[in-house]
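Student: Dropping a structure here in structure tokens format, bear with me for questions.
FYI, it's all coordinate maths here, none of it is from the lab. None of these values were measured; they are calculated from a predicted model. No Cβ is skipped: glycine too gets one built from the backbone with ideal geometry, and neighbour counts run over all protein chains shown.
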Amino acid sequence: MSISYPEKERYSIEDLVQILALLRSPEGCPWDRVQTHESIRSNMLEEAHEALEAINQQDTEHLKEELGDVLFQVVFHAQMEAESGHFTFDDVADGICKKMLVRHPHVFGNMTASDAGQALRTWDAVKRQTNGNKSQTDLLSNVPRSLPALMRAEKVQNRAARVGYDYADLSEALEALSAAQTAVQQAAASGESDAAAVGKLLFAVSAVARLMKWDAEQALTDQTDAFVRTFSEWEKNNP
């Protein structure tokens with residue numbers, strides 16, 4: 001027995017919520033019914049990365065589709081919580097709307113922000129207050145460890161830099177990079193397995209990229225693509 005759903009020229013977010021509820025219903029899809037937060041957690045990450053890929057390719061049609069896939073994951077998780085009686089998708093929307101209103105007192109309140117930097121500092125100050133963070137360290141610790149390592153390093157460094165904890169200038173960051181490289185070379189020469197030295201080197205690279213306003217994550221992605229192309233040429237010449 002199939003479920004009847006009205007055909008429309010254009011569907012809305014309300015339709016998506018209803019469709020998800022039907023997919024999870026006893027008469028719905030056997031696969032959708034048995035999923036949990038844990039079983040589809042990787043799907044959220046995969047869909048987000050596919051949306052980023054569409055942005056990198058500047059493909060607006062593809063981006064529209066991938067944002068829909070990301071939204072589907074959000075609604076899916078919200079539907080599971082609705083079934084448990086914890087919260088609904090409307091609660092999710094309500095929460096983010098309230099957060100945006102509170103986090104932008106320079107737009108919706110009596111504060112001012114003359115540039116993007118000041119707006120970001122205001123955001124951080126309000127976030128620290130509303131989240132109950134007792135220190136700046138809390139803000140750094142709250143950067144998700146599940147982020148790609150280079151991206152997390154940049155985000156942590158940026159938050160520290162906003163309160164004055166940073167290299168004095170690019171030359172100081174380059175000196176730290178050179179010192180980290182020397183430590184790796186010494187470890188390699190002695191045959192030591194020093195993962196910490198490699199970590200410091202990568203962290204130093206991230207700092208230099210940040211100060212140069214380069215996207216380290218994207219730079220490494222592009223270089224990996226270049227490596228694949230070089231390997232492809234090598235493979236053609238070495239069958």
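Student: With equal scatterers on the alpha carbons only and no solvent term, can you work out the Debye log10 of I(q)/I(0) for the chain at 0.12, 0.14 1/Å?
Tutor: -1.02, -1.22
Student: Among GLY85, LEU22, PHE72, pick out the residue whose Cα is farthest towards the positive end of the charge dipole of region 7-90, where Lys and Arg carry +1 and Asp and Glu carry -1 on C-beta, about the Cα centre.
Tutor: GLY85
Student: Could you state the angle between the C-alpha long axis of helix 116-130 and the longest principal axis of the C-alpha atoms of the chain, as a value from 0 to 90 degrees rounded to the nearest 10?
Tutor: Taking the Cα atoms of the chain, the angle to 116-130 is about 70 degrees.
Student: Projecting each Cα onto the charge dipole of region 55-130 (Lys/Arg +1, Asp/Glu -1 at the beta carbon, about the Cα centre), which of MET111, TRP123, ILE96 comes out farthest on the positive side?
Tutor: MET111
Student: What FRET efficiency do you get for THR224 and THR36 if R0 is 22 Å and r is their Cβ-Cβ distance, rounded to the nearest 0.05?
Tutor: 0.10
Student: OK, next. What does the charge dipole of the chain about its Cα centre add up to, to the nearest 20 debye, if the Cβ of each Lys and Arg holds +1 and the Cβ of each Asp and Glu holds -1?
Tutor: 1060 debye
Student: Let me ask something else about it. Strictly greater than 18 Å: what percent of every Cα pair in region 147-239 meets that? Write out the running numbers ahead of the final one.
Tutor: Working: 2426 of 4278 pairs.
Roughly 57 percent, once rounded to a whole number.
Student: Quick one: length gained pulling LEU101 to ASP15 fully straight, 0.36 nm per residue minus the C-alpha distance?
Tutor: 28.3 nm
Student: Further, regarding this structure: Looking at this model, which pairs from LYS64/LYS127; LYS99/LYS200; LYS8/LYS64; LYS98/LYS155 are more than 26 angstrom apart at the alpha-carbon?
Tutor: LYS64/LYS127; LYS99/LYS200
Student: I've got another one for you. Any chance you could run the full-extension gain for GLU81 through ASP215? It's 0.36 nm times the residue separation minus the Cα-Cα distance, nm to one decimal.
Tutor: Full-extension gain reported as 44.6 nm.
Student: Same structure again: Work the Kirkwood hydrodynamic radius out for region 7-90: mean of 1/r over every pair of different alpha-carbon atoms, inverted, in Å.
Tutor: Result for region 7-90, one decimal place: 13.8 Å.
Student: Shifting gears a bit: Please report, in debye to the nearest 20, how large the charge dipole of region 28-114 is about its Cα centre when each Lys and Arg carries +1 at its beta carbon and each Asp and Glu carries -1 there.
Tutor: Dipole size: approximately 540 debye.
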